[in-house]
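First up is the structure itself, then whatever we jot down about it.
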Amino acid sequence: MEIIIRDNPQDCARVAAKIVAKYLRGKKGPVLGLATGGTPEGLYRQLISLYRAKKISFKNSTTFNLDEYVGLTHSHPQSYHRYMKEHLFDFIDIPEDKINIPDGTACDLRQTCLDYEARIKASGGIDLQVLGIGRNGHIGFNEPMGSLSSRTWIKILTENTIKDNARFFEDAGKVPRHVITMGIGTIMEARHCMVMACGWKKSQAVKAMIEGPVTAKWPASALQFHKRTTVVLDEAAASLLFHKEHYGWVEKNLLEWQNYEMP
Ligand code: F6R
């Protein structure tokens, strides 16, 4: 794993945007995997600014979101369809037919999951998958103790994740218990994964993901087997890392072409 540590969430968003921009500029038809939640909001603001400054365009890109709640209409204020419109898609030039988000309102949820996998495959696969991480180490909505090779499917949220996400709803009782999420196996097939995490509340999960044993107890730890994962952390999220100084040392010694901060 490649670990990038910055002073604050704003600097994390800036470096994460540079990584996304690299794909948008460098590839003819980039396929981006996207996440929702509080963590990527700063990244999306940065991408919108870069787009407005005409430094990047999404017109040739395709996107696949990680997950969606089952049962929320696309216009529901807490649905991830609505989140993506309000935080990114309404402000950039991505063609509507290139946007893919799991459909939590589908009559046949199982078929919609199979179709989602087929669409990812048909796109040529995900070039860069943006990920947040839950306090319990989930990525997408792959909660602890699930299979580390799962595919897009219907999952049940833990009570703790429901409590964490209650902040976006009127109360925890309104948070759907079921979601559709790309599986760990689906995420592992992305050519490059970028995990973002900020704040001390994430520090234990971040430590388990990077320095713990690979275990279904901390699903993000599966990324230790991924061929190319970049983790972008603020100081608070990185605070429990045993090898923190080493990660800084590695970044200082990157060759120019390896460094995201170089033009
Ligand atoms: C959202 C997702 C989740 C979140 C995670 C962290 O699409 O896949 O795994 O990334 O729950 O959420 P925040 O960023 O709100 O702390």
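Are any residues in region 205-221 under 20 Å from N160 (Cβ atoms), among the aliphatic types (A, V, I, L, M) and touching a strand residue (DSSP E or B) at 6+ places or on another chain (Cβ under 8 Å), and if so, which ones?
Within region 205-221, A205, V206, A208, M209, A220 qualify.
Check region 196-209 and report whether any residue there is within 13 Å of the ligand (Cβ to nearest atom), in a loop (DSSP other than H, G, I, E, B) and buried (at least 24 other Cβ atoms within 10 Å of the Cβ).
Yes, the conditions are met somewhere in region 196-209.
Mind checking which residues of region 134-186 are closer than 19 Å to L109 by Cβ and of a type in the set (F, W, Y)?
Across region 134-186, the qualifying residues are F141, W153.
Scan the strands (runs of 3 or more DSSP E) fully inside region 115-193 and keep the ones with 2 or more residues being surrounded by fewer than 17 Cβ atoms within 10 Å (Cβ to Cβ) and more than 14 Å from the ligand (Cβ to nearest atom).
153-156
For region 37-70, which positions are of a type in the set (S, T, N, Q) and either away from the ligand (no atom under 16 Å from the Cβ) or touching a residue at least 60 places away in the same chain (Cβ under 8 Å) (or both)?
Those that are of a type in the set (S, T, N, Q) and either away from the ligand (no atom under 16 Å from the Cβ) or touching a residue at least 60 places away in the same chain (Cβ under 8 Å) (or both): T39, S49, S57, N60, S61, T62.
With T73, T112 as the choices, which residue is assigned to a loop (DSSP other than H, G, I, E, B) and either among the aromatic types (F, W, Y) or more than 16 Å from the ligand (Cβ to nearest atom) (or both)?
Going through T73, T112 in turn, the sole match is T73.
Give me the residue from region 224-263 that is open to solvent by 50 Å² or more (accessible area, probe 1.4 Å) and of a type in the set (F, W, Y) and, out of that set, modelled with the lowest pLDDT.
W257
Kindly indicate whether any position in region 27-37 is over 19 Å from the mean Cα position of the chain (by Cα), crowded, with 16+ Cβ neighbours inside 10 Å and not basic (K, R).
No; the residues of region 27-37 include none that is over 19 Å from the mean Cα position of the chain (by Cα), crowded, with 16+ Cβ neighbours inside 10 Å and not basic (K, R).
The values are calculated or read from the model by the stated rules, or taken from the named source; none is laboratory data. All of these numbers come straight from a predicted model, not from anything done at the bench. Cβ: placed from backbone, ideal geometry, glycine included. Neighbour counts: every protein chain shown. Ligands, DNA and RNA are excluded from the accessible area calculation, which covers all protein heavy atoms including side chains. Shrake-Rupley method; radii C 1.70, N 1.55, O 1.52, S 1.80 Å.
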